[in-house]
Amino acid sequence: MQKQIKTQKQQEIVSNLVNQFGIDGERILFLNSRDENDPWIPPSVLEQIARQMEGYRSSSVQHDKFIPQTSQTVYLATVTDSLDRVFTRSGVATVGEINNVLDEIDTDYLAMGRALSAALNAAGFNPVKAIKTVNFRDEAENERRLRPILRTKDLKQIHAMATEKGLMFGDDKTAYRAWLFENFGVRTAAILDAQTRSRVINLLRNYDPFLNEVSAEFREDAMYA
């Protein structure tokens, strides 16, 4: 399949998605004839983005029906958040709507992506709208729009690292909150600014559960034991 030629605005949208979520920008296409700046993202990449959002739990996509009269296929996507709220939306694609340059994307795959995008958007885990509406000529406005996305990404990483380091056990955040209060004077990272969240991440990266159980006077010896 040949690469789709993108406009400058489309390339900027792709670059921002890649920078924020570490995804493969080559897989992002622009297929909406009514909005040339509306990116289509494959289902697997959408899930990769969603997993970086705090509160996301799971998602699934399944075929619903084919409509012979209109040559359309319909898929249903379901997204569940950490509060067990369920969001279900549909996605529709018409046979032959993609031009020959992009004929490797079949109708089913196109509908799956649309369904999952709609469900993630309904659940609040789809960052595409925020990225798409960024004013690339106004850095201050960019920062304001992207701040909530970056905050969510940081919190997701902090919670994942705290779990890995044994400070969080499922919904039990007691040890994590105690560690956070001891080092930063707060019991939730959600109120911290970006610079302080970065410090939290760095400190967690070097956190050693064993050394923190050893008294300060013996920690140096423990490091070489």
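The values are calculated or read from the model by the stated rules, or taken from the named source; none is laboratory data. As the structure is a prediction and not an experimental result, all values here were calculated from the model. Neighbour counts are summed over all protein chains in view; Cβ atoms, including those assigned to glycine, are modelled from backbone coordinates with ideal geometry. Surface accessibility is based on the protein's heavy atoms, side chains included, excluding ligands, DNA and RNA. Shrake-Rupley method; radii C 1.70, N 1.55, O 1.52, S 1.80 Å.
A few notes on this one:
- When restricted to residues that are surrounded by 13 or more Cβ atoms within 10 Å (Cβ to Cβ) and free of Cβ contacts under 8 Å to residues at least 12 places away in the same chain, region 20-46 contains 2.
- Residues (over 17 Å from PRO43 (Cβ atoms), charged (D, E, K, R) and part of a loop (DSSP other than H, G, I, E, B)) located in region 1-30: LYS3, LYS6
- Hey, ILE49 outside any loop (DSSP other than H, G, I, E, B) and in contact (Cβ under 8 Å) with a residue 24 or more places away in the chain or not: yes
- Boolean, VAL200 is touching a helix residue (DSSP H, G or I) at 6+ places or on another chain (Cβ under 7 Å) and either over 19 Å from MET53 (Cα atoms) or at pLDDT below 85 (or both): no
- Pairs are defined by a Cβ separation below 9 Å, a sequence spacing of at least 6 or placement on different chains, a first member in region 7-19 that is touching a residue at least 60 places away in the same chain (Cβ under 8 Å) and open to solvent by 50 Å² or more (accessible area, probe 1.4 Å), and a second member that is among the aliphatic types (A, V, I, L, M) and outside any helix (DSSP H, G or I); the pairs so defined are GLU12/VAL134.
- Checked against (1) in contact (Cβ under 8 Å) with a residue 40 or more places away in the chain; (2) farther than 26 Å from GLN10 by Cβ; (3) surrounded by 18 or more Cβ atoms within 10 Å (Cβ to Cβ), GLY55 passes all but condition (3).
- Residue count, region 20-60 (criterion: of a type in the set (Ser, Thr, Tyr), at pLDDT 85 or above and under 30 Å from GLY96 (Cα atoms)): 3
- If only residues of region 61-94 that are surrounded by 14 or more Cβ atoms within 10 Å (Cβ to Cβ) and at pLDDT below 90 are counted, the one that is nearest to GLY170 (Cα to Cα) is ASP81.
- In region 161-189, of all residues being in a helix (DSSP H, G or I) and of a type in the set (Asp, Glu), the one that is farthest from LEU83 (Cα to Cα) corresponds to GLU182.
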